[in-house]
Amino acid sequence: MPLVPSFTLKLDDGILPGLVVVGKYDGTHPCLTAATSGGKVFIHDPFASTTDPGANDARASRVRYLNINKEITSLAAGAIDPASPNRDLLLVGSATDVLAYDVEENKDAFFKEAPDGANAVVCGKIGSEARTLALVGGNCSILGFDHEGEEAYWTVSGDNVNAMTLADVDGDGLNELFVCGDDFTIRLFRDEEVVSEITESERVINVCHLKGERFGYALANGTVGVYDGTQRQWRVKSKNQVTALCAYDLDGDGERELVIGWSSGLVAVRNESDGELVYKDTFDASIAAFAMADYRMDGTTDLIACAVDGEVRGYRSQAGQIETGDRAAGAGAGGGATAAAEEEPPKKKNLLVELNSYERNAAAAESGATSLTSAAAGAIPRDTDVVSELEMNEELGGGELVLSTNNDAVIKAVNMYGEGVFEEEARFVYFPNPKTTARVFIRPPRDICADVSIKVLVSARMSSVYHVFELEFTLPKFCMYARLNAPVATPSGSVSFRLPGVNARRMATWIDDAFNTNVTDIVQGPDDDFECGFVSLRDGRPTLIDATFDDATRGGADAGGTVTLRTDDMDLAGDIVQELCAVVGVTDLESTCDFPEDMERFRETLREVDERNADRARLAAEVADGANLVKSYIIRAEDARILRDMDTMMRMYNELMDVNRELIAEHNKRAENHQALLAALRRTNQMIQRAAKLRCGGAKTRIVSACRAAIKANNVHALFNLIQFGVVD
Amino acid sequence: MSLSFSRSDITQTAQAERGTMCVLPLGKGKRQNKLALGDVDGVVRVVGCKRDERNVVFKLECGNGAPITSLSCGVAAPQVDKLFASAGNTIRGINRKGKEFFKFTTNLQDVIKALHVDNYNIYAASEYVANMYVNCADSHFFMSNDRILDVVIAPVILPDEKNPILACADRFIRVVQGSDLYYEAAVNGVPTTTAMNAAGPAPGTDAKAGKIEILFGTEQGSVGQLFLDGNAVTRGWVIDAARGVGGVSALYGDMDCTGDGNCDVVVGRDDGGLEVYALDTNGQPALVYQKSLGEAVQTIRHGCVSSPFPEILVHTFSGKVLGFAPGSDSRTIDGFGLGAEKTEHEERQDNMRAEKRVKQLNKELEKLAKEVEKAKENYAAVSGGLIAVDGPAKVLDRFVLDADDACYALSLEAPAALFSVSVHSDVPIDLLDVKDNAAICSRSPADPANGTHAAATYRVNEGNNRVELRMRAIEGRAGTVRSFVVPRQSPKTSTEKVHHIKPLCLHRRDAGAAAAAPVNELVARGDFTLDDAHHWCVVCLNEIPTRTPTGVEHATYEFENVLLKTTLKIVIGDGEMTCVSDNVSPLALLKDLIGKEATENQLRVNFSFNLSDASVAHFCDRAHPLIEYQRELVRKGELVEGLKELRTQENGDVDFLDDEYKRILADEAKIVAELKEQPRRLEYLHGVVKDFTVDWHKFRGSNVKRALAGIDEALALGDVSRERLEEIVSRGAA
């Protein structure tokens, strides 16, 4: 069903992807604001008075430019100043800072350095914070600024934050924050606490809230989908890139649809519940961004789609305009009946084919399935079944999926789909010499609990027709860790925690599920202490689990066990803790840890941050000196020129050239220093994140905020204590 | 002139073969035709439309489960409303009431592909044979050199005696008189379809009066016109195939859509294209309408089926029957409206009807879904795992060399929605990106040790039942490409399609390929027969007839290399085989393969060759521009981003730029698309150069394989001039 825009605009300037916002800077009139190339922002005000003196051209006066002079990475508008609660301020983020600009008054509200960068900015209220904040998502961190630029919120996220969105998910009147980033995760923050976390198979580049716990997301590999809480509802994948995402009720049925903008210029509107395509429209250029605003000021919020070539189209919700046609008609909701009648839905054809195929098969089955003709058609016995099993193989450094049939039928080829398990979405293996058992090598690049859907092509020998067996296989999260058979040197790092309400059997069952092993064999009673060891098939590093349990007869609410994980891989330890807590239902977990190698590296990192910061200050001073020199040389050279003292002028300009060269060199040094500083800061944030991941629930949130405080106070000792023991002293 | 058509879906049959739809003549006092349809389940049905209802007049199971392969009405006056259908080698006559009144099992070995019944005369053609029966007795028999792809019956030589006109896979249209070939006409592609313009040549073309006008469509996508009479063939216009179009799978030339008194040409393609060409006053065709149906067009006819107005009728591979009636905004050349203009009232009525129809459709769908559910339950009771015991639906496949891009296009189409297509190759091939492909490709790692040089899975987007893949093969690396098609619905059966890449895979038959300047000759002599030599050709090259030509001493095949545009001519006979080319590589490949084949069959073969020293220069003349073009393209591709940024910085003003850069900016989209579609093409071309170098020196008795690494480096340095290239090749070292 094509989509008919309610208005279109063609702006003269290109629009950078993702950098569009509509703000009411004077409190009433919405202005489309977008970043264009060359570090400029333009503001298109459709209601600007065209009688401005000096404006020859009505259109020109509607567009104003702001020169930011650096690469703009994010754009937002919001009424963060409590003094004028109706007027939006424009927030412009770059790689190093955030500028809040008052468009109406033409002045800066604040300018703050954001060393982690400002990849995404949103304005709004978060959690229990009463003020409207500008939330800035950067490299591993999220900062919240109030109208004076004071830091009012801080937390860490996994990697580069790509997008954020504020929404009241649980209906308590307070906003939660969705954050998605380069670490493949979508997190939901309530205040500073992560309340839910979903790991996807690619970098998550966009997220938007639909209703309740439902939200849409987009990945860097062209996947778009919807989650309800932590359950994925649907997803679709395309070769193109998703460049914009938003939720808008276009068909007016009261439910917001997911609107997706693609690099191909396609705008697709999909039903949020089942992903069915309801509308589409195509632009000539890649879609840059969506915005929602009452842009014509007639009381209705329009959906505004902008393409990178400056084309803007507005769409209006069709509430009450067109009756929602029957979706089953295939041509799409909201369609006039005519379109549906002209082209019969493919559904009918597919149903007919399916019906026909059942009937034929039933007839064939009745007439004796093993007759000669059907054998020629490649028929296999009717009771054929295919089973799958995962075998880990230390020598191969990975696992083998073993598929086998229960009779003479052979496996000719296997098609496997699993996000994040293979190099690409699917793997196809063909067996030139088919046997009844087939082995497929699997080596997931990361620890993920992935569902692999397998299509096994089975046939009688010497036949070119195959039956497709469909199997689902769940790859255990820690399947790449094989059980240790011989004792190994104990790893130096460790984390210990107490698991209330968990007995030995529960713990062993969890290990079996997650590690694809059989620890339950060595556990007899519910209070049996046990030890088991694993070795990573990727790098050969060992991990030991040492669990002791309270006497089963003691009882009591806090009866449980104490677990010590010994590994040198702090990330793995965090993953295990998180997974364990999630599965056995522990919501709050405090732990102590000791990772000497990581802590030593962290100490180095902190030192580097200090050094780089010091360097930065020094370099900045040198630049100022240089700038002064430049000024004086220019003045002297120009003076000389006026006095026609050509020799001096030449000398001065030569000097100037030298200074300029030095300045460029200085700049390069500064840039390099800045990069190193960024990397160090990023490692710092990651360390805090790692420390947090060794805890759960309240303890986790506490660690993050306490670490931030310690870093601000430059209290390294406290920081180390926090990471290791969860307390300052 | 503009034409628009409004599409209406008339009905749906099971999957259909070509030529299994025909329009019954108008009944007494009726304004709408009834339509007869055959399908692969062996069902013939006749449907009629009354207002918006589609009624099945009758449905007759007459193929005994075998597919209906042709369906037509009788030609003689008393038979015009009788249907004749063939399934297997049996012909059946069906009357208007749906009763079988005639059954005749022919002596043909293969399935009857075309059928023409004229009173007591029955013309039936199968794979290789065209037969004529009089009173069900075999009276004439003609065996073609290569597969017969389509047949038209018309009185070419004598006004009251009909001749079969055969479109044969060896690129000939043959006219048969009795049991003998009367004459044959070479055409510029593999003719897959023929159609006759019954009205005869357009008025004003007096020279052609009295002749039979035949249209033919080729696998390569072109359409042409021939005039036949007892003396000779006269060639009419040819519509060349546009880049990348599908092969012609249906053709119709008996309808005047444009209302100008001349018949128009309707072309259906196996990639779903439907085109209408109108003939202008000079009788030249001009495209007036184009549409993609998304699935192979099997048959095109003409009639008044869904309304009392004439419409184009299309039967597709999956069994859809569509009507295309001229839209209300269609105009003839002199501005007359073609379609019925609608008043507002009628418009409203139409809408109401459409709404009614949607409701009806939904009801049908619900009913069908229930039936499917029931059938599924029934079947589940028999087979718990819903394991299919019956074979799967037929998959339509096409594997052709795209001469423009020098790559192979593989298209696969199933009657129902596809889930995935997986490809496996036991030779190195490059799987190329296809623009607008409805499938997402995931490549799997190659495993040459176990015979996997390329493997990939294409996940098909929802609702598609057709996928096209492109791959680039290397000459000399012959092998097999297997594709596995998995449907979306259960019971799921997958079909394997096997296609062979021949050693000389980039050569295509080209009768007109003139032997260009340098002449290199390879002669094989020995105790082999014409049969053996023909077999060697079949092994090495595409488009060689499967049967050895009979009754001739020599056979000649001419080819063109689509990449380098070099030619190859092979003359085979008993005990001697001569191969002539202006390129050396194909001769080297042929020598290797003939040697191998001969040893296997214990035949003694001696080779003698005569090389022209001008070959190296000639090869460089051909190869260098290709390499240079590709290198330019890569360079331009690298510049595009930077130039684009400059343009935006300067607010779109690029006047200050060099003309060359302006051109790059103007072609920006094309450059990027071309680069994306042809990755690693430069390496591929370098491979061609290296192969030539090795072959050239091998013929001259020296082995330069060791120097290849050096050559590679020299080529990779870039900026190799035409002279430098020649030097590298002729010295066999960098």
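Number of residues in segment B:472-492 that are in contact with a strand residue (DSSP E or B) (Cβ under 8 Å, 6 or more places away or on another chain), more than 14 Å from chain A (Cβ to nearest Cβ) and surrounded by fewer than 21 Cβ atoms within 10 Å (Cβ to Cβ): the value is 2. Say we look at segment A:466-498 and pick out the residues that are crowded, with 21+ Cβ neighbours inside 10 Å and at pLDDT below 85; which of these is farthest from residue A:725 (Cα to Cα)? Filtering first and then ranking leaves A:466. Residue under question is residue B:459, and the condition is that it be at the interface with chain A (Cβ under 9 Å from one of its Cβ atoms), among the charged types (D, E, K, R) and in contact with a His (Cβ under 7 Å, 6 or more places away or on another chain); does it hold? Here the answer is no, as residue B:459 does not meet what is asked.
Every listed requirement among (1) surrounded by fewer than 23 Cβ atoms within 10 Å (Cβ to Cβ); (2) more than 10 Å from every other protein chain (Cβ to nearest Cβ) is met by residue A:438 save one, (1). Applying the set (1) modelled with pLDDT of 90 or more; (2) within 26 Å of residue A:713 (Cα to Cα) to residue A:564 leaves exactly one unmet item: (2).
Filter segment B:164-181 for residues that are in a loop (DSSP other than H, G, I, E, B) and aliphatic (A, V, I, L, M) and give the result. Matches in segment B:164-181: B:169 only. Among the criteria (1) farther than 24 Å from residue A:462 by Cα; (2) part of a loop (DSSP other than H, G, I, E, B); (3) aliphatic (A, V, I, L, M), the one residue B:427 does not fulfil is (1). Of the strands (runs of 3 or more DSSP E) contained entirely in segment A:417-524, those carrying at least 2 residues that are closer than 30 Å to residue B:490 by Cα and in the same structural domain as residue A:405 (by the TED database) fall at A:426-435, A:437-442, A:450-459, A:465-475.
Hey, any hits in segment A:178-193 for a residue that's outside the structural domain of residue A:690 (by the TED database), within 20 Å of residue A:699 (Cβ to Cβ), touching a helix residue (DSSP H, G or I) at 6+ places or on another chain (Cβ under 6 Å) and part of a strand (DSSP E or B)? Checked against the condition, which is being outside the structural domain of residue A:690 (by the TED database), within 20 Å of residue A:699 (Cβ to Cβ), touching a helix residue (DSSP H, G or I) at 6+ places or on another chain (Cβ under 6 Å) and part of a strand (DSSP E or B), segment A:178-193 yields at least one hit. Evaluate the following for residue B:720: is it part of a helix (DSSP H, G or I) and outside the structural domain of residue B:472 (by TED's automatic domain parsing)? Against the criterion (part of a helix (DSSP H, G or I) and outside the structural domain of residue B:472 (by TED's automatic domain parsing)), residue B:720 does not qualify. Checking each residue in segment B:551-570 for being part of a strand (DSSP E or B) and either in contact (Cβ under 8 Å) with a residue 24 or more places away in the chain or in contact with a helix residue (DSSP H, G or I) (Cβ under 9 Å, 6 or more places away or on another chain) (or both) picks out B:554, B:555, B:557, B:558, B:559, B:560, B:561, B:567, B:568, B:569, B:570.
Residues that are among the acidic types (Asp, Glu), at pLDDT 85 or above and assigned by the TED database to the domain that holds residue A:617 number at least 3 in the following helices (runs of 4 or more DSSP H) confined to segment A:642-729: A:646-693.
The requirement of being more than 13 Å from chain A (Cβ to nearest Cβ), under 30 Å from residue B:609 (Cβ atoms), surrounded by 14 or more Cβ atoms within 10 Å (Cβ to Cβ) and in contact with a Leu (Cβ under 8 Å, 6 or more places away or on another chain) is satisfied by residue B:694.
Determine which member of the set B:543, B:576, B:560 is on the phi > 0 side of the Ramachandran plot and assigned by TED's automatic domain parsing to the domain that holds residue B:604.
Values: B:576 fails: on the phi > 0 side of the Ramachandran plot; B:560 fails: on the phi > 0 side of the Ramachandran plot.
Testing whether each residue is on the phi > 0 side of the Ramachandran plot and assigned by TED's automatic domain parsing to the domain that holds residue B:604 leaves just B:543.
Taken as a whole, segment B:629-638 holds no residue that is over 38 Å from the mean Cα position of the chain (by Cα), among the polar types (S, T, N, Q) and surrounded by 15 or more Cβ atoms within 10 Å (Cβ to Cβ). Here residue B:327 clears all of (1) surrounded by fewer than 14 Cβ atoms within 10 Å (Cβ to Cβ); (2) at pLDDT 70 or above except the condition numbered (1). A count restricted to segment A:74-121 and to residues that are of a type in the set (Lys, Arg) and outside any strand (DSSP E or B) stands at 1.
Residues of segment B:493-505 being surrounded by 21 or more Cβ atoms within 10 Å (Cβ to Cβ) and within 14 Å of another protein chain (Cβ to nearest Cβ), which ones? B:493, B:494, B:495, B:496 - these are the residues of segment B:493-505 that are surrounded by 21 or more Cβ atoms within 10 Å (Cβ to Cβ) and within 14 Å of another protein chain (Cβ to nearest Cβ). The listed residues are B:37, B:60, B:83, B:24, and the only one of them that is within 19 Å of residue B:316 (Cβ to Cβ) and touching a residue at least 12 places away in the same chain (Cβ under 8 Å) turns out to be B:37. Those strands (runs of 3 or more DSSP E) of segment A:249-315 in which 2 or more residues are touching a Cys at 6+ places or on another chain (Cβ under 7 Å) and surrounded by 21 or more Cβ atoms within 10 Å (Cβ to Cβ) occupy A:287-293. Residue count for segment B:670-726 satisfying the condition of being of a type in the set (Ser, Thr, Tyr) and under 38 Å from the mean Cα position of the chain (by Cα): 2. Residue B:440 meets all of the listed conditions (1) modelled with pLDDT of 85 or more; (2) closer than 22 Å to residue A:419 by Cβ; (3) of a type in the set (Val, Ile, Thr) but one, namely (1).
The residue that is nearest to residue B:540 (Cα to Cα), among those in segment B:579-620 that are among the β-branched types (Val, Ile, Thr) and in contact (Cβ under 8 Å) with a residue 60 or more places away in the chain, is B:594.
The values are calculated or read from the model by the stated rules, or taken from the named source; none is laboratory data. Bear in mind that the values here come from a model prediction, so they are computed numbers and not experimental data. With ideal geometry, Cβ positions are generated from the backbone for all residues, glycine too; neighbour counts draw on all protein chains shown.
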